[in-house]
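Structure first, then comments.
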Amino acid sequence: MAILEGINPATGEKLDSVEEIEIQAIPLLMEKGQQAFKSWSRLTTKERLHYLRNLKELMVRDIEKLAQVIADDTGKPPTESLVADIMPTLDAMVHIISHAEKTLQPKKVKTPLLLIGKKSYVEYMPRGLVLVISPWNYPLQLALVPVVSALVSGNTVILKPSEVTPLVGKSIEELFKHAGFPNDVVQVAHGGKEVGAHLTEAKPDYIFFTGSVRTGKIIQKVAAEHLIPTTLELGGKDPFIVFADANLKRAAKGAVWAAFTNSGQVCMSAERVFVERKIYNQFTELLKEETEKLVQGNDNTADIGSMTYKVQVDIVKRQVKDALDRGATLTCGIHPDKWSHPMFIKPTILTDIPKDAEIVQEETFGPILPLIPFDNEEEVIVFANDTEYGLNASVWTSDKMKARRVASQLISGAVVINDAIVSVANHHLPFGGTKHSGIGRYHGEEGLKIFCHEKAIVVDSGKRNKEIQWYPYEGKYEDFLQLFKSYFGKKKDWLHFMKRYLRLLKK
Ligand code: ADP
């Protein structure tokens, strides 16, 4: 049996380990999830929320332990685990606990007059067995939020956590067990790409994937083959736009945080910082000052932890080297040839970057801040939209109208004005990307409804013997013609409408 070894990337220390699921065991896992669906889906939302409350209380009780597991598994400081991984997860749960019943209850809708005598409503039916595949950068939040969203509407779930952070996956498995969820309502399948691929092929009823564009495309292909609906939450190359009239001190502190938080391993981190030319030099100095203050390490005295995944370090290294080889200037940081630690990358600022450098086009996912000057509003909108991605963006200016004007023109799933990233922390807002950043939205009402079939129901009392549009058609043409003219005409003619309607009823 294969074992996933937990290793602290910041220290190299060996942690606990987790047993990988055998590929042959996947059909049984599917069967168990489908069986569990039969009883779980029959509970009321209120009954299911009772389990979710237990889960939330358990997480609050063990919050410090959880923060440490995340920190050890990812190399980030515990403060970052707490603020950026645990807090948004708990807040999403609180939101779901207070809104799920209302969101998922049947909704009465209007019925047009042409369907006289009928009533209509929408019902939310769970889809079945949902597969959630999650990544390593926020291993708790990006696994648990889709999992609990799928559960409350009555789905059962198989979670395939990232093999890069197996101990957070193990903690999630234990949390569900201790919260008393019925057997097999949530099953955690530990393993790597192969396990993910086999689970996708096993035809779950829905796939919720968070990860790279490359894997997202593979999953979408398999899903298309079996007509499985999906949500794909993929990468970003987010623009961070600073106009000369912004509060520059705030913008500089904001840019440094938005580019370097979680060591830049954030799908919504600032990956391209556009600065109005008038203040370019001044702003560069402010950024340098702020960046030089940052402390690296893996305890609570540190601002920036290590990278989590060695493969990602190599991608970042390649991109920085490519930019420098093409003539970019290393304004802050260390040349990649001199990086001395395998997993810590010094926060880096690059300037004078040629437009065709990889770092301007490809997602970096590391603590690198590329600075690009612009001359005016029109130009920066073109620059910002000139990417295959479109997840988040931020606009910094004291001119409210300009901020809104620019925000409206950015092709992006979200825009934050005079701050960055935080849109993800408001669970009332939808979350998701445009272009290669993904397909679909979650969070908010939408985040619960995606896991349901929206079922349209029309009710007739069944007392009348027939309907006007039923057979026979003979002799009805003229009456229908006049009925529709009186109904759809510029001014509704109710008298004629009723006359024709009653005539049709008699035929
Ligand atoms: P990264 O390389 O940054 O970890 P991935 O997109 O490869 O991003 O990984 C995100 C998640 O997708 C992980 O849980 C991983 O195991 C899983 N995964 C990778 N390849 C596949 C695949 N072909 N099918 C299903 N899941 C996969």
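What follows draws every value from the coordinates through simple rules; no lab data is involved. Model, not experiment: these values are computed from the prediction. Counting neighbours? That spans all protein chains shown, and the Cβs are built from the backbone with ideal geometry, glycine included.
Of all lysines in the structure, those lying under 23 Å Cα to Cα from LYS46, and not within fewer than 8 positions of it along the same chain, are LYS38, LYS56, LYS102, LYS107, LYS108, LYS177, LYS449, LYS455. With respect to the chain, whose longest principal axis is taken over its alpha-carbon atoms, helix 166-178 is tilted by about 40°. Proximity of backbone amide H atoms, modeled 1.01 Å from N, is registered between LEU369 and THR348, ILE349, LEU350 at under 5 Å, excluding neighbours fewer than 5 places apart on the same chain. Pairs exceeding 19 Å between alpha-carbon atoms, taken from LYS253/LYS346; LYS293/LYS317; LYS76/LYS310: LYS293/LYS317. Of interest is the spacing of the C-alpha centroids, which for the range 94-162 and the range 340-411 amounts to 34 Å. Dipole check for the chain: with +1 at the C-beta of Lys and Arg, -1 at the C-beta of Asp and Glu, and the Cα centre as origin, the magnitude is about 3540 Debye.
When the chain is described by a simple charge dipole with +1 on each Lys and Arg Cβ and -1 on each Asp and Glu Cβ, the residue from LEU113, GLY254, GLY169 located farthest towards its positive end is LEU113. How big, in percent, is the set of alpha carbon pairs in the range 36-175 lying more than 24 Å apart? So the pairs more than 24 Å apart make up 38 percent of the total in the range 36-175. Cross-link reach is defined here as a Cα-Cα straight distance under 14 Å, omitting same-chain residues fewer than 8 places apart; for LYS119 the aspartates and glutamates meeting it are ASP460. With θ taken as phi - 60° and the Karplus curve 6.51 cos²θ - 1.76 cosθ + 1.60 applied, the whole-hertz 3J(HN,Hα) list for the range 332-337 is 8, x, 10, 4, x, 5 Hz, x standing for glycine and proline.
Between the Cα long axis of helix 280-292 and the first principal axis of the chain there is an angle of about 80°, rounded to the nearest 10.
In this rough spin-label picture, where each label sits 7 Å from Cα along the Cβ direction, the ASP62-ASN183 distance is 2.1 nm.
Restricting the calculation to Cα atoms, the range 328-454 shows an Rg/Rh of 1.03 when the hydrodynamic-style radius is the Kirkwood one. Here the dipole of the range 238-426 is about 380 debye; that uses its Cα centre as origin and unit charges on the Cβ of Lys and Arg (positive) and Asp and Glu (negative).
Candidate cross-link partners of LYS466 among the aspartates and glutamates, defined by an alpha-carbon separation under 17 Å and a same-chain spacing of 8 or more, comprise GLU474, ASP479.
Measuring between their Cα centroids, the range 4-35 and the range 216-231 lie 23 Å from each other. Residue exposure proxy: TYR121, TYR442, ordered by other Cβ atoms within 10 angstrom of their Cβ from fewest to most, comes out as TYR121, TYR442. Could you give the Stokes-Einstein D for the chain in µm² per second, using the C-alpha Kirkwood radius, 4 °C, 1.567 mPa s? It comes out at roughly 51 µm²/s. I want the local charge near ILE23. Using Cβ-Cβ distances under 11 Å, sum +1 for each Lys or Arg and -1 for each Asp or Glu among the other residues. Around ILE23, the surrounding residues sum to -4. Across the range 129-134, coupling constants 3J(HN,Hα) worked out from phi with the 6.51/-1.76/1.60 Karplus curve, θ = phi - 60°, read 9, 9, 9, 10, 10, 10 Hz, and Gly and Pro carry x.
Among VAL122, SER153, ALA403, which residue has its Cα positioned farthest towards the positive end of the charge dipole of the chain, with +1 placed on the Cβ of Lys and Arg, -1 on the Cβ of Asp and Glu, and the dipole taken about the Cα centre? Sorting the options by dipole projection puts first VAL122. Take the alpha carbon gyration tensor of the range 135-244, find the square roots of its eigenvalues, order them as a ≥ b ≥ c, and report rounded if a/c is under 1.5; if not, report prolate when a/b exceeds b/c, else oblate. Note, shape of the range 135-244 comes out oblate.
What is the helix-to-structure angle for 400-409, meaning the angle in degrees between its Cα long axis and the longest Cα principal axis of the chain, kept from 0 to 90 and rounded to the nearest 10? The angle comes out near 70 degrees. Kindly identify the range 238-426 as rounded, prolate or oblate by the Cα gyration tensor criterion: order the square roots of the eigenvalues as a ≥ b ≥ c, call it rounded if a/c is under 1.5, otherwise compare a/b with b/c, prolate if a/b is larger, else oblate. It comes out prolate by the Cα gyration axes. Secondary-structure-derived ellipticity at 222 nm for the chain, considering helices only, amounts to -12500 deg cm²/dmol, per-run term -39500 (n - 2.57) for DSSP H runs with n ≥ 4.
Considering only beta bridges that DSSP places wholly inside the range 238-426, some 15 percent are antiparallel.
Note on the chain: antiparallel DSSP beta bridges, both residues inside, total approximately 40 percent of the bridges counted.
Placing +1 on each Lys and Arg Cβ and -1 on each Asp and Glu Cβ, with no other charges, gives the range 230-332 a dipole about its Cα centre of roughly 220 debye.
Just to confirm a number: summing +1 for Lys and Arg and -1 for Asp and Glu over residues other than GLY433 whose beta-carbon lies under 13 angstrom from that of GLY433, what do you get? Local charge sum for GLY433: -1.
Extension gain for LYS108 to ASP399 (0.36 nm times residue separation, less C-alpha to C-alpha distance): 100.5 nm. Counted over the range 42-180, the DSSP beta bridges are approximately 40% antiparallel.
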